[in-house]
Amino acid sequence: MALQNPRDRRMPNRQSDGTRINEDIRISPIRLVKEDGEAVIMDTKQALQMAKDAGLDLVEVSPNAKPPVCRIINYGKFKFEQIKKAKAAKAKQHVVKLKEIKMHPKTAENDYLYRIKQAAEFLQDGMKVKLIMQFRGREMAHMDYGKRLMERAKEDLLQYGDLEMDSRVEGNTMLSIYGPKRGAGTAKKQPQAPKPVTEPMAAGEAST
């Protein structure tokens with residue numbers, strides 16, 4: 001079987017990503033950047049023939065330049081490297097998750113302690129915590145209970161995270177947001193349960 005002459009090779013136009021290559025580059029002349037970095041202005045057909053002779057692709061790398069900047073490269077390999085770099089950059093991005101912890105003014109003491117322990121663990125794992133105090137029905141008349149509980153939570157979470165947004169009322173809820181402690185080391189402390197109140201009352205009620 002006779003080998004195909006590279007001069008007769010059909011040049012593909014891979015433009016699914018918007019990049020113009022080969023015969024899809026209709027503007028002439030172009031600025032061709034050679035392998036050694038030298039840039040020369042030449043007729044597009046001449047540059048395309050050079051790409052064919054080398055068994056490579058003529059790729060437009062800077063379409064908004066005047067004239068457009070092109071290179072003679074292996075487009076498949078070039079695209080693969082671009083995808084690889086994009087994946088590596090994405091992997092380096094640190095996305096902080098936001099976890100929600102919900103309570104209400106009459107949250108029982110043991111439930112409060114459990115939620116605070118959960119919040120502390122989330123903060124130590126590098127997550128943010130949104131503390132949500134929900135008021136239902138007549139509880140709206142006792143917002144001081146909810147406020148008291150949010151203030152108690154602020155003290156209990158002080159060693160595990162930084163307060164980013166102090167208690168704020170939105171409709172029938174009171175919100176506060178905590179972020180991981182700045183400058184904290186990588187060692188993870190075992191969250192200690194806050195000291196419970198001495199009487200079996202709702203966590204937000206004032207002791208007498």
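Just a few scattered comments:
- Within the range 18-32, the set of residues being outside any loop (DSSP other than H, G, I, E, B) and over 15 Å from Lys66 (Cβ atoms) comprises Ile21, Asn22, Glu23, Asp24.
- Checked against the criterion of being over 30 Å from Ala141 (Cα atoms) and among the polar types (S, T, N, Q), the range 81-97 contains one or more residues that satisfy it.
- So Ile72, is it modelled with pLDDT of 90 or more, among the β-branched types (Val, Ile, Thr) and under 32 Å from the mean Cα position of the chain (by Cα): no
- Looking across the range 97-127 at every residue that is in a strand (DSSP E or B) and of a type outside the set (A, V, I, L, M), the one that is surrounded by the most Cβ atoms within 10 Å (Cβ to Cβ) is identified as Lys99.
- Total residues in the range 73-115, condition in contact with a strand residue (DSSP E or B) (Cβ under 6 Å, 6 or more places away or on another chain) and more than 30 Å from Asp144 (Cβ to Cβ): 3
- Residue count, the range 63-74 (criterion: without any contact (Cβ under 8 Å) to a residue 24 or more places away in the chain and surrounded by fewer than 17 Cβ atoms within 10 Å (Cβ to Cβ)): 3
- Answer from Glu139, Glu81 - the residue that is acidic (Asp, Glu) and farther than 30 Å from Val33 by Cβ: Glu139
- The range 41-53 residues that are assigned by TED's automatic domain parsing to the domain that holds Pro63, paired with ones that are in a helix (DSSP H, G or I) and surrounded by 13 or more Cβ atoms within 10 Å (Cβ to Cβ) (beta carbon under 9 Å, 6 or more apart): Met42/Met50; Leu48/Asn22; Leu48/Glu23; Ala51/Asn22; Lys52/Asn22
- Residue match in the range 168-191 (condition: acidic (Asp, Glu), more than 27 Å from Val95 (Cα to Cα) and at pLDDT 85 or above): no
The values are calculated or read from the model by the stated rules, or taken from the named source; none is laboratory data. Predicted model only: the values in this text are computed from it and were never measured. Note that we place each Cβ from the backbone using ideal geometry, even for glycine, and neighbour counts take in every protein chain shown.
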